[in-house]
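Heads up, the thing below is written out as structure tokens.
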Amino acid sequence: MAEAQRTDSAASRSTRENYMTALRSLHSYLGEDLTLDRIDNQSMLGYQHWLLEQGICPNTTSCYIRSLRAVLGRVAEAHHTDIENAFKGVFTGRTDTRKRSVTQDTVRQLRTVCLADDSSLSLARDVFLFCLYAAGMPFVDAVFLHRSQIADGRIVYHRHKTGTRITAIMLPCMQQIADRYAANDSCYVFPILKATAPDEAYDEYLTKLNWYNRTLKRLAKAAGLELRLTGYQARHTWATTAYHSNVELPVISKALGHTNPQTTLTYLREIDDCQLGCKV
């Protein structure tokens, strides 16, 4: 694993983080350090199946696989070997991302469903709604959000994935959510992570990501929703709502932390293509 980490020192921060996320995830699946002799078709197919069972969506699973194929392929090339057959039959494409936003009625059902205080369902709902209200904040950024990053009615943080600086208004409904966890003796807004050292905290985050997606499925069932609720839907829902509210595409892109507005369009595919063409 250490050798794989060194193969792309010149890559962008985002690319390096994608590689590290995939390597940590594969390490969790294999349960031991990564060596080339462990990378074969059976292990990669098993890893793909394991990711899907953990609630990781197909497109994210594909991203992990592509990252592993890139970084481990460079290690294999340095050792004059070939691991391309290990990825035979493993999905590395993209699935349609339409209908990943939810309706306002769905949000209302989530907000009003009666849940036990201090339960995992209640915490997952609070995080989901907070991410939605905070201009589509990703789960990873909500998990790592420090109390010190909230001041003067604003949240200022850097996207964990890209390093982009984001400023969002701290709405009263968001403050109410944060206040529910104010008594916790932690530097974080939400009582999800315990570790503060970067590497340990990120490993803990990966575990909590699995917890979050599993718990959101239970939350949807508790709210009587006939859909698969995921963390991504908070982000997509905010983007779609903002677009329908006539917020300009560059503004939405900036709020989401996208450097390319074309990336934002993938969040808005359920809007009529003609409307998008006119808007851009």
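Looking at this structure, is H244 open to solvent by less than 50 Å² (accessible area, probe 1.4 Å) and more than 11 Å from A135 (Cβ to Cβ)? No. In segment 155-199, which residues are of a type in the set (S, T, N, Q) and closer than 17 Å to C131 by Cα? Within segment 155-199, T164, T167, Q175, Q176 qualify.
If you go through segment 145-152 one residue at a time, do you hit one that is open to solvent by 70 Å² or more (accessible area, probe 1.4 Å), in contact with a strand residue (DSSP E or B) (Cβ under 9 Å, 6 or more places away or on another chain) and in a helix (DSSP H, G or I)? So far as segment 145-152 goes, yes, one or more of its residues are open to solvent by 70 Å² or more (accessible area, probe 1.4 Å), in contact with a strand residue (DSSP E or B) (Cβ under 9 Å, 6 or more places away or on another chain) and in a helix (DSSP H, G or I). Scanning segment 11-38 for residues that are over 16 Å from the mean Cα position of the chain (by Cα), farther than 22 Å from D82 by Cα and in contact (Cβ under 8 Å) with a residue 40 or more places away in the chain yields a total of 2. Going through (1) part of a helix (DSSP H, G or I); (2) at pLDDT 80 or above one by one, Q5 falls short only on (2). Looking across segment 110-141, the residues that are assigned to a helix (DSSP H, G or I) and among the small types (G, A, S) come down to S120, S122, A124.
Looking only at segment 39-60, which residues are in contact (Cβ under 8 Å) with a residue 40 or more places away in the chain, under 14 Å from the mean Cα position of the chain (by Cα) and at negative phi? Result: Q54, I56, C57. Among the criteria (1) among the hydroxyl-bearing types (S, T, Y); (2) open to solvent by 30 Å² or more (accessible area, probe 1.4 Å); (3) touching a helix residue (DSSP H, G or I) at 6+ places or on another chain (Cβ under 6 Å); (4) in a helix (DSSP H, G or I), the one S67 does not fulfil is (2). Assess whether R125 counts as being closer than 30 Å to D40 by Cβ, of a type outside the set (A, V, I, L, M, F, W, C) and surrounded by 11 or more Cβ atoms within 10 Å (Cβ to Cβ). No: the conditions fail for R125.
Residues considered: A182, A197. Of these, the only one that is small (G, A, S), touching a helix residue (DSSP H, G or I) at 6+ places or on another chain (Cβ under 9 Å) and either open to solvent by 20 Å² or more (accessible area, probe 1.4 Å) or without any contact (Cβ under 8 Å) to a residue 12 or more places away in the chain (or both) is A182.
Contact annotation: no residue pair with Cβ atoms under 8 Å, 6 or more positions apart or on different chains, pairs a residue in segment 145-166 that is in contact (Cβ under 8 Å) with a residue 60 or more places away in the chain and over 20 Å from T15 (Cα atoms) with a partner that is assigned to a loop (DSSP other than H, G, I, E, B) and open to solvent by 70 Å² or more (accessible area, probe 1.4 Å).
Filtering segment 199-224 to residues that are farther than 15 Å from L51 by Cα and of a type in the set (A, V, I, L, M, F, W, C) leaves A201, L216, L219, A220, A222, A223.
Only a single item in (1) β-branched (V, I, T); (2) open to solvent by 40 Å² or more (accessible area, probe 1.4 Å); (3) over 19 Å from L209 (Cα atoms) is not met by T162, and it is number (3).
Taking the condition within 23 Å of N260 (Cβ to Cβ) and aromatic (F, W, Y), does F139 pass? So F139 passes the test. So, in segment 204-263, of the ones that are within 14 Å of the chain's Cα centre (by Cα), aliphatic (A, V, I, L, M) and in a helix (DSSP H, G or I), which residue ends up farthest from T162 (Cα to Cα)? Step by step, filter segment 204-263, then rank; the result is L216.
Can you report the number of residues in segment 12-52 which are of a type in the set (D, E) and not in a helix (DSSP H, G or I)? Talk me through it step by step, then tell me what you get.
Step one: list which residues in segment 12-52 are of a type in the set (D, E), which gives 17, 32-33, 37, 40.
Okay, now just the ones that are also not in a helix (DSSP H, G or I), so 32-33, 40.
So the answer is 3.
Being of a type in the set (D, E) and open to solvent by less than 70 Å² (accessible area, probe 1.4 Å) holds for only one residue in E17, E77, and it is E17. For the residues T60, T92, the requirement of being open to solvent by less than 50 Å² (accessible area, probe 1.4 Å), at pLDDT below 90, under 30 Å from T259 (Cβ atoms) and part of a helix (DSSP H, G or I) singles out T60.
The values are calculated or read from the model by the stated rules, or taken from the named source; none is laboratory data. As the structure is a prediction and not an experimental result, all values here were calculated from the model. Methodologically, a virtual Cβ is constructed for each residue, glycine included, from the backbone with ideal geometry; neighbour enumeration extends over all protein chains shown. The area values use the complete protein model at the heavy-atom level, side chains included, leaving out ligands, DNA and RNA. Shrake-Rupley method; radii C 1.70, N 1.55, O 1.52, S 1.80 Å.
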